[in-house]
Amino acid sequence: MTAREIKKALEKTGYIATDDISYAVSGTVNERIPLLIEGSAGAGKTSLAEHTAQALGLELIRAQIYDSVNSESLLYDYDYQKQLLSIEAIRSSLDNSLKEKSPEQALEAVKDVNFYGEQFLIRRPVLRAITSEKPVVLLIDEIDKSSEELEYALLEVLDTYSMSIPELGRKIICREEARPLVFLTSNNYRDLSDALKRRCNYLYIRRKTGAEIAEIMQNRLQVDTGTAEAFARCLVQLQNLNLRQTPSISEGLTWASYILHHPGEDVANSAFLLAKSRDDVDPVTSVLKQYRSNGSSGEADHAENQITRF
């Protein structure tokens, strides 16, 4: 797919992609090179992977990284409960047959019982992605919160779309036609290794301009240009404040949808949708007081930031 085709496909899902985003996704789709995405919180990193999966009709497999995630929960693990149940199931039949045998003979008798075979293997997100019959979108969200050990455990997958499983005694290799589209997001919680970066293409999603936000609002909310621009203007004002947590576009869309479904209500009372801490409530409310929804009482339309068609 060309970058232009990808851009149009994303737009149909409601994701307004700039040229740099379209070309970066094109590299992942056409070359199967993992894409490392950075940008401020709420810039649209995670949603890019989600909308790409939607646009291409692919399954999305998401692995959310947090401080305590280890390789067993990201790559693969073994079903220890199933192993124990299997041991219990065969114990009774072995008791009689091994009664007169030495420990060495007993071990020889059960050597063919493989408790680390594929029947006990748990496919975590990464293994699921590379063993899928069809291509999927694999999203490794907030990779910067992983340990360095976990990051290095991913290098083989990012480099060759394969995974070594010592317990099986072999390597799992993804079929070329079924290689997943891999997206990794980072909020710069820590610096990532050069080894990981070399295996990925790179995309920095900058903060959207007011015009871009208005286009997103109009596309997603199906409102007229004036209303979309008013929503965008308000959101940009909030993003320019020194808030503890800046409202994302996704949160702005939720807020705008609420206003649209509650015409005539005081816009200032919707701060609960945008302020995420006690310190942010007053400055957010102060901005919202400059706007009013359609049908509300208020002064004549003379303030630059008034909204008359919410």
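Would you mind calculating the relative contact order of the stretch 113-249 from Cα pairs under 8 angstrom and at least 6 residues apart, reporting the percent as a whole number?
Relative contact order comes out at 22 percent.
How high is the FRET efficiency from PHE272 to LEU84, r the C-beta distance, R0 51 Å, rounded to 0.05?
0.55
At 0.36 nm per residue, and after removing the present C-alpha to C-alpha distance, how many nm does the segment from TYR258 to ASN240 gain when stretched out fully?
4.3 nm is the gain from fully extending TYR258 to ASN240.
In nm, give the distance between the simple-model label positions of ASN188 and THR13, each being 7 Å from the Cα along the Cα-to-Cβ direction.
Each label point lies 7 Å from its Cα, and together they span 2.7 nm.
If you rank SER186, SER293, SER40 by fewest surrounding Cβ atoms within 10 Å, what's the result?
Sorted ascending by nearby Cβ count, the order is SER40, SER293, SER186.
HN-Hα J couplings of the stretch 212-218 from phi, Karplus 6.51/-1.76/1.60, θ = phi - 60°, integer Hz, Gly and Pro as x?
5, 5, 4, 5, 5, 4, 5
I need the calculated FRET efficiency for the pair MET1 and GLU72, taking r as the beta carbon distance and R₀ as 51 Å, to the nearest 0.05.
Given R0 = 51 Å and the Cβ-Cβ separation, E is 0.90.
Roughly speaking, what is the stretch gain from LEU60 to ILE122, that is 0.36 nm per residue apart minus the C-alpha to C-alpha distance, in nm to one decimal?
20.5 nm is the gain from fully extending LEU60 to ILE122.
Based on the Cβ-Cβ distance of THR131 and THR209, what FRET efficiency does E = 1/(1 + (r/R0)^6) give at R0 = 30 Å, to the nearest 0.05?
The calculated FRET efficiency here is 0.10.
From the phi of every residue in the stretch 14-27, what ³J(HN,Hα) in whole Hz does the Karplus formula 6.51 cos²θ - 1.76 cosθ + 1.60 yield, where θ is phi - 60° and glycine or proline is x?
With the stated coefficients, the stretch 14-27 comes to x, 9, 8, 9, 6, 4, 5, 5, 4, 5, 5, 5, 4, x Hz.
Subtract the Cα-Cα distance of LYS197 and GLU265 from 0.36 nm times their separation in residues, and report this length gain in nm to one decimal.
Net length gain for the segment: 19.6 nm.
Taken together, the values in this text are just the output of simple stated rules run on the coordinates, not laboratory data. All values derive from a computational prediction rather than experimental measurement. Counting neighbours? That spans all protein chains shown, and the Cβs are built from the backbone with ideal geometry, glycine included.
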